[in-house]
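Since the structure comes first, as structure tokens, the remarks are kept for the end.
The values are calculated or read from the model by the stated rules, or taken from the named source; none is laboratory data. What you see is a predicted model, and the numbers here were worked out from it, not measured in a lab. Quick reminder, even Gly has a Cβ in these numbers, built from the backbone with ideal geometry, and neighbours come from all protein chains shown. Side chains included, ligands, DNA and RNA excluded: accessible areas come from the protein's heavy atoms. Shrake-Rupley method; radii C 1.70, N 1.55, O 1.52, S 1.80 Å.
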Amino acid sequence: HIYRAAWRNGQFGQPELVPFSAPGNFGDVDPVVAPDESFLIFSSSRPPAVRNQLFIVYQKVGKWGAPLLLSDTINRPPASNVEARLSPDLRTLYFSSGYTPPVTYPNDRDNTRKMLEQSQWYNGNTNIWYVPIDNLIKP
């Protein structure tokens, strides 16, 4: 679960569970927080996720909202997505994913060649992916 320890009077306070990370039969892990604390992206297996997938939660006036599952263009089922990170300019979200595209048959020669070229990347190992963050963040 995700905890927060506030910095007060030159030291960190006691860790407190953030309200949206209530105990349950799932884990909330790998949080990345925007420098202005307006949003947080994390991995979780909470419903409606099937495996660890990326969620975003917004904070307004010191109150965290409800976590939102990011779209299937980022959380490509059935892969797990973990280790969300923001670029220094806050324009790109990086994350690890074990995505592999589905294989369909019959395959023609051109599609087979394309799949073989991509097999070094789409191999089921956890590779680093990135997406522009502009379409994730509410104005």
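Quick notes on this structure:
- Heavy-atom accessible surface of the chain: percent carbon and sulfur, 1.4 Å: 54 percent
- Summing Lys and Arg as +1 and Asp and Glu as -1 over all other residues whose Cβ lies under 14 Å from the Cβ of residue 37 gives a net charge of +2.
- Inter-part distance where the range 14-40 and the range 46-90 are each reduced to a Cα centre, Å: 11 Å
- Correct choice for Kirkwood radius over Cα pairs in Å that was computed from the model, options [x] 16.8; [y] 15.9; [z] 17.5: [x]
- Accessible heavy-atom area order of 28, 89, highest first, probe of 1.4 Å: 89, 28
- When only the Cβ of Lys, Arg, Asp and Glu is charged (+1, +1, -1, -1), the dipole of the chain relative to its Cα centre reaches about 160 debye.
- Taking every protein chain into account, the accessible area of the range 1-116 amounts to 63 square angstrom per residue (probe 1.4 Å).
- Lys/Arg +1, Asp/Glu -1 at C-beta; the chain dipole; positive extreme among 133, 31, 66: 66
- Potential extension, residue 72-residue 5 segment - 0.36 nm per residue separation minus Cα distance: 20.9 nm
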